[in-house]
Amino acid sequence: MRDLVDLGMGRTARQTFELDDVSIVPSRRTRSSKEVSTAWQIDAYRFEAPILSHPTDALVSPAVAIELGRLGALGVINGEGLWARHRDVEDKIAELVEVATTDPDPQAAVRRLQELHAAPLDPDLLGAAVATIREAGVTTAVRVSPQHAPELTPALVAGGVELLVVHGTIISAEHVVQGAEHPLNLKTFIADLDIPVIAGGVHDHRTALHLMRTGAAGVIVGYGSTAGATTTGEVLGIGVPMATAIADAAAARRDYLDETGGRYVHVIADGDIHTSGDLAKAIACGADAAVLGTPLAAAAQAPGRGWYWPSAAAHPDTPRGAMLQVATPDGRPTLEEILTGPSADPFGELNLVGALRRSMAKAGYSDLKEFQKVGLTIHR
């Protein structure tokens with residue numbers, strides 16, 4: 001039974017849990033971290049680290065996507081971001097960071113970000129970015145919104161994109177667009193493609209199961225990094241704590257596996273993951289991989305120069321994210337230090353994959369799917 005609590009007369013709510021409420025319980029067996037694999041595979045694409053980048057211009061350029069691929073992770077470029085709208089993206093981001101740094105009005109940077117995103121999408125620019133990543137020999141992934149997926153996807157496929165991420169604040173199996181003759185039916189949309197699709201975000205068992213039934217290869221759970229994203233509290237008031245949301249989606253994955261006789265859909269956590277401990281707990285709750293935002297935005301190679309903003313921050317009339325400084329200009333770690341070390345940081349912000357490997361080893365598990373069975377405690 002779900003744990004319901006009374007809000008008042010005639011109104012109940014479900015008790016849910018954040019990742020901070022969860023701890024991993026070691027078993028009686030341990031193993032060497034050298035015997036642990038953090039690899040995962042979605043469709044034909046294998047990655048040594050269970051990490052995707054949040055699709056924001058603050059941290060993903062074609063060069064960063066290539067470097068993430070070299071390090072075993074997956075860089076996801078924003079197909080509706082600045083790399084698809086401007087030729088001088090680095091200059092535009094430098095201007096944006098200058099506004100965020102010097103203007104005392106905290107809304108000024110968001111207004112400038114909205115202005116930059118008002119420029120029309122240029123399929124040629126987007127195609128050039130995709131081609132740059134593909135020519136480097138790493139897996140090419142691009143994010144599109146449900147609103148623009150039908151118009152942008154043909155050009156992306158023609159340009160050689162290998163993984164398509166249909167990503168928004170909340171995704172349903174059928175997205176209704178005012179004025180459109182037909183809503184975006186994800187099941188039909190995915191069936192017509194020859195490439196795997198990752199879709200999300202979702203927050204509960206039923207919505208996750210519906211998305212799995214569309215044929216998606218992966219389902220994103222959550223609404224992004226809460227450090228910067230304002231969907232959950234301030235703007236829309238929508239949200240389910242990540243530990244519960246991941247566990248619900250993992251249950252949907254299990255139900256869908258039984259329903260289809262063996263089709264496995266990957267659960268990808270997106271939110272509240274800022275340290276290696278958060279990453280380990282997200283996997284332990286049932287995720288196959290996780291989306292990282294602020295941890296990667298601190299990298300020396302990140303285009304945002306130590307500033308982070310989620311992709312939803314640029315919405316033209318209802319921005320759902322702020323510009324946050326997550327690292328100072330001097331002394332920013334490299335992507336390699338953030339993902340694989342070495343590290344002298346004792347707080348879990350560097351060598352995320354190495355720390356995940358050690359957590360799995362301390363609990364006695366050798367791969368990610370096994371680690372999803374680890375014991376957990378709640379300390380609230």
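Of Val177, Val157, which residue is at pLDDT below 95, of a type in the set (Val, Ile, Thr) and assigned to a helix (DSSP H, G or I)?
Answer to the check: Val157.
Write out, first by first residue and then by second, each pair whose Cβ atoms fall under 9 Å of each other, whose residues are 6+ apart or on separate chains, and whose first residue, in region 104-122, is within 13 Å of Ala313 (Cβ to Cβ) while the second is among the aromatic types (Phe, Trp, Tyr).
Qualifying pairs under 9 Å: Ala109/Trp307; Ala109/Trp309; Val110/Trp309; Leu113/Trp309.
Take region 12-63 and flag every residue that is among the basic types (Lys, Arg) and at pLDDT below 95.
Once the filter is applied, which keeps residues that are among the basic types (Lys, Arg) and at pLDDT below 95, region 12-63 yields Arg14, Arg28, Arg29, Arg31, Lys34.
Mind counting the residues in region 249-267 that are in a helix (DSSP H, G or I) and open to solvent by less than 50 Å² (accessible area, probe 1.4 Å)?
6
Mind checking which residues of region 45-94 are basic (Lys, Arg) and without any contact (Cβ under 8 Å) to a residue 12 or more places away in the chain?
Matches in region 45-94: Arg46 only.
Answer yes if at least one residue in region 138-145 is in a loop (DSSP other than H, G, I, E, B), open to solvent by 10 Å² or more (accessible area, probe 1.4 Å), under 24 Å from Leu52 (Cβ atoms) and touching a Pro at 6+ places or on another chain (Cβ under 6 Å), and no otherwise.
Within region 138-145, none of the residues are in a loop (DSSP other than H, G, I, E, B), open to solvent by 10 Å² or more (accessible area, probe 1.4 Å), under 24 Å from Leu52 (Cβ atoms) and touching a Pro at 6+ places or on another chain (Cβ under 6 Å).
Could you list all residues from region 108-133 that are out of contact with any Pro (no Cβ under 8 Å at 6 or more places or on another chain) and over 25 Å from Leu68 (Cβ atoms)?
Passing the criteria: Ala108, Ala109, Arg111, Arg112, Glu115, Ala119, Pro120.
A quick yes/no check of all residues on (1) under 22 Å from the mean Cα position of the chain (by Cα); (2) in contact (Cβ under 8 Å) with a residue 40 or more places away in the chain; (3) over 17 Å from Phe47 (Cα atoms):
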site: Trp309; (1), (2), (3): yes, yes, yes
site: Gln325; (1), (2), (3): yes, yes, yes
site: Thr328; (1), (2), (3): no, no, yes
site: Val374; (1), (2), (3): no, yes, yes
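Within the set of pairs 6+ apart or on separate chains, which have a first residue in region 352-363 that is in contact (Cβ under 8 Å) with a residue 24 or more places away in the chain, a second that is of a type in the set (Lys, Arg), and C-beta atoms under 6 Å apart?
What qualifies is Ala361/Arg31.
Filtering region 367-380 down to residues that are of a type outside the set (Val, Ile, Thr), touching a strand residue (DSSP E or B) at 6+ places or on another chain (Cβ under 7 Å) and not in a helix (DSSP H, G or I), which residue is least open to solvent (accessible area, probe 1.4 Å)?
Gly375
Residues that are in contact with a Ser or Thr (Cβ under 7 Å, 6 or more places away or on another chain) and either among the aliphatic types (A, V, I, L, M) or under 25 Å from Asp288 (Cβ atoms) (or both): does region 110-128 have at least one?
no
So is Ala119 under 30 Å from Tyr365 (Cβ atoms) and modelled with pLDDT of 95 or more or not?
Against the criterion (under 30 Å from Tyr365 (Cβ atoms) and modelled with pLDDT of 95 or more), Ala119 does not qualify.
The values are calculated or read from the model by the stated rules, or taken from the named source; none is laboratory data. Worth saying up front: this structure is predicted, and the values here are computed from it rather than measured. Glycine also receives a Cβ, built like all others from the backbone with ideal geometry; neighbour counts cover every protein chain displayed. Side chains included, ligands, DNA and RNA excluded: accessible areas come from the protein's heavy atoms. Shrake-Rupley method; radii C 1.70, N 1.55, O 1.52, S 1.80 Å.
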